[in-house]
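Have a look at the structure below before the remarks.
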Amino acid sequence: MEIEGFEYRRVPGADGVVLNVAVGGSGTPVVLLHGFPQTHVMWRWVAAELAVDHTVICPDLRGYGASDKPADGYAKRSMAADVVAVAAALGHAQFALVGHDRGALVAFRAGLDHPDVVTHLMCLDVLPTLDMWDVMHGTTAAVGFHLYLMAQTAGLPERMIAASSDEFFGYFLDLWANDPSAIPSDVRAAYLEACRLAVPSIVADYRASATVDVTHDEEDLARGNKLRMPVTVIQQDWGAALGFDAAARWKTWAPDLHHQTTTSGHFMAEQNPTEITTAIHKLLTR
């Protein structure tokens, strides 16, 4: 499945990994990074709106969709390096960056590691990795059972998920969608097929978030490294549900922060693309 009107290319990322990338529009560049359990197609509505006055770049993250799926190398630092390399290969030394879910964690890392490249940053429905693990406790942590499952040593999680991959990934597509019609049956089927073919790499991505990604966040926090660019965060009101101040958590990392909550659900770019596109345009004026 593709984004209508966009050109598709195979573009080298970092470490010899090649990404599947959709490119459309013209103007200042905006890179859109998808989340779990999806592909770049989740941006189809937002990308079309942005392409009116921007060059829009939508890659499949390494390990997802039609991009390469190496056995390892899923530190968000490596995945962020992919994004910078792809943009450079397409002729863009700087770009605005928007990420959803897993893609937001890659975007966050890109902002910390490449502050002279990422001009504006938007993260949708996540906390930074270190904060995510810190707020998960007690019975409320059950909502994140998949985080703990995929954090386990290689072998068992992959076998368990592969044994019923459509049920596993479909569970999140159904549970997290406030409006199921936002993900029509053909798109849902495409997401499930992509995930079915990528179980080991998806698990490796999540496992990295329980290991090396935490280390990198801890090192940056100790050094006082912060996001230097304007940052917008849009998320569901998880703080109220789980008992933490999401805006304060983000403010620690992002001094120039605009934080807002949404009722559009986790898949907000598909459920309310105009809300997200409007927020991106506002971010780019800061």
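Out of D220, D205, one residue alone is modelled with pLDDT of 95 or more and over 19 Å from the mean Cα position of the chain (by Cα). It is D220. Could you pull out the residue among R62, R77 that is of a type in the set (K, R) and open to solvent by 10 Å² or more (accessible area, probe 1.4 Å)? Criteria check complete, one pass: R77.
Taking region 238-248 as the range and being over 18 Å from the mean Cα position of the chain (by Cα) and either assigned to a helix (DSSP H, G or I) or among the charged types (D, E, K, R) (or both) as the test, the residues that pass are G239, A240, A241, L242, D245, A247, A248. Summed over region 134-193, the residues that are open to solvent by 30 Å² or more (accessible area, probe 1.4 Å), part of a helix (DSSP H, G or I) and within 30 Å of L221 (Cα to Cα) give a count of 9.
Could you identify the single residue in T252, T262, T232, T277 that is surrounded by fewer than 17 Cβ atoms within 10 Å (Cβ to Cβ) and polar (S, T, N, Q)? Every option except T252 fails the conditions.
Please find, among M136, M150, the residue that is closer than 24 Å to M268 by Cα and of a type in the set (A, V, I, L, M, F, W, C). Can you show your working first?
Working: M150 fails: closer than 24 Å to M268 by Cα.
From the options M136, M150, the qualifying one is M136.
Mind listing just one residue for me: the one in region 113-124 that is open to solvent by 10 Å² or more (accessible area, probe 1.4 Å) and either in contact with a helix residue (DSSP H, G or I) (Cβ under 9 Å, 6 or more places away or on another chain) or part of a helix (DSSP H, G or I) (or both) and, of those, nearest to T215 (Cα to Cα)? Working first, answer last.
As a first pass, look at region 113-124 and keep what is open to solvent by 10 Å² or more (accessible area, probe 1.4 Å): 113-117, 119-120.
Still in the list and also either in contact with a helix residue (DSSP H, G or I) (Cβ under 9 Å, 6 or more places away or on another chain) or part of a helix (DSSP H, G or I) (or both): 113-114, 117, 119-120.
Values: D113: 14, H114: 18, V117: 23, T119: 25, H120: 25 Å.
The extreme case among them is D113.
Summed over region 164-210, the residues that are of a type outside the set (A, V, I, L, M, F, W, C) and either touching a residue at least 60 places away in the same chain (Cβ under 8 Å) or within 17 Å of F145 (Cβ to Cβ) (or both) give a count of 16.
The values are calculated or read from the model by the stated rules, or taken from the named source; none is laboratory data. No experiment lies behind these values; they were computed from the predicted model shown. Every residue, glycine as well, gets a Cβ built from its backbone with ideal geometry; the counts of neighbours run over all protein chains shown. Just the protein is used for accessible areas: all its heavy atoms, side chains included, with ligands, DNA and RNA removed. Shrake-Rupley method; radii C 1.70, N 1.55, O 1.52, S 1.80 Å.
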